[in-house]
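> Structure below; questions to follow.
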Amino acid sequence: MSGLTHNPEGVSIPRSATRRASRPTWDTSRSLQIGKALAMMVAASFFGCGSSSTNPTNAASCSTPGGSVSGTADSHCGSTALTVDPNVCTSVSNTPVTDAGADTTEYGDTLFNAEGDDDDCKYHVSWSSTAICEDANVTFSLKVTAKANGSAVTGADPNLEVFLNDTHPGLVSNQISQETSPGNYTIGPVQFDTKGQWTVRFHLFPTGCDQPTSPHAHAAFYVDVP
């Protein structure tokens, strides 16, 4: 009888039933363990790639962060302190302000240290920043006061112009300016994509007309990126 097989007790069992009985069954608990292991491997791979040096980090971290370049304290204004007229742009031809770049004579000298007066002697500015590292997001903090009376300058909406030289700008397209308290601002993020002595220029009231007593102003500082 080819369709039957016999066990030692003499009971006939269909061959198909024997084959089904000998087929291994899958351990569901083992399946769950393997699934968890694979998930952990994928997660480890994902988070490990997040620290790759080819992608700029969101929070700058390096062993020797950069900062301001020490030098002679700014004194280019002397006792000059222009008083700003917020209405001057409505009484003159409102020529759009353009940020001409590093090689123009529109700007004053780039300053050392982390404070000084703007090019036109309207404001006194001081700055600090998060850790300055190559290929990392950096946010600047800026304090602006009026040279005429020392009062906080509000509504300046500053932005940053960042460059290594005339042909090598920094990455500034994602910057956002916020006034955290009267006369105090944060601007960023910006990125420095190589080592060197950079220039960071703060533009204040950047969309107004550029007249001697208009609110628009700028001040530039050297920044070291190690």
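> Which of the residues spanning segment 187-212 are crowded, with 18+ Cβ neighbours inside 10 Å and of a type in the set (Ser, Thr, Tyr)?
Within segment 187-212, Thr199 is the sole residue that qualifies.
> Which residue, of Val162, Val153, Val144, is β-branched (Val, Ile, Thr) and under 21 Å from Cys62 (Cα atoms)?
Result: Val162 is the single residue among Val162, Val153, Val144 that is β-branched (Val, Ile, Thr) and under 21 Å from Cys62 (Cα atoms).
> Can you give me the ranges of the strands (runs of 3 or more DSSP E) entirely in segment 134-213 with at least 1 residues that are under 23 Å from Cys77 (Cα atoms)? Before you say what the answer is, go through the steps one by one.
Values: elements: 137-146, 159-165, 176-181, 184-191, 196-204.
Counting at least 1 such residues, we get 137-146, 159-165, 184-191, 196-204.
> Quick check on segment 92-112: of everything there that is crowded, with 17+ Cβ neighbours inside 10 Å and over 17 Å from Gly208 (Cα atoms), which residue is modelled with the lowest pLDDT?
Filtering first and then ranking leaves Ala102.
> Applying the selection to segment 146-160, what residues are at positive phi and out of contact with any Ser or Thr (no Cβ under 6 Å at 6 or more places or on another chain)?
Within segment 146-160, Gly150, Gly155 meet the criteria.
> Then there's this: For Val153, are the conditions met, namely being modelled with pLDDT of 95 or more and within 13 Å of Arg201 (Cβ to Cβ)?
no
> Taking segment 124-136, which residues are of a type outside the set (Gly, Ala, Ser) and surrounded by fewer than 19 Cβ atoms within 10 Å (Cβ to Cβ)?
Residues satisfying the conditions are Thr130, Glu134, Asp135.
The values are calculated or read from the model by the stated rules, or taken from the named source; none is laboratory data. This structure is a prediction, so every number in the text was calculated from the model and none was measured. Don't worry about glycine lacking a Cβ; one is built from the backbone with ideal geometry, like all the others, and counts go over all protein chains shown.
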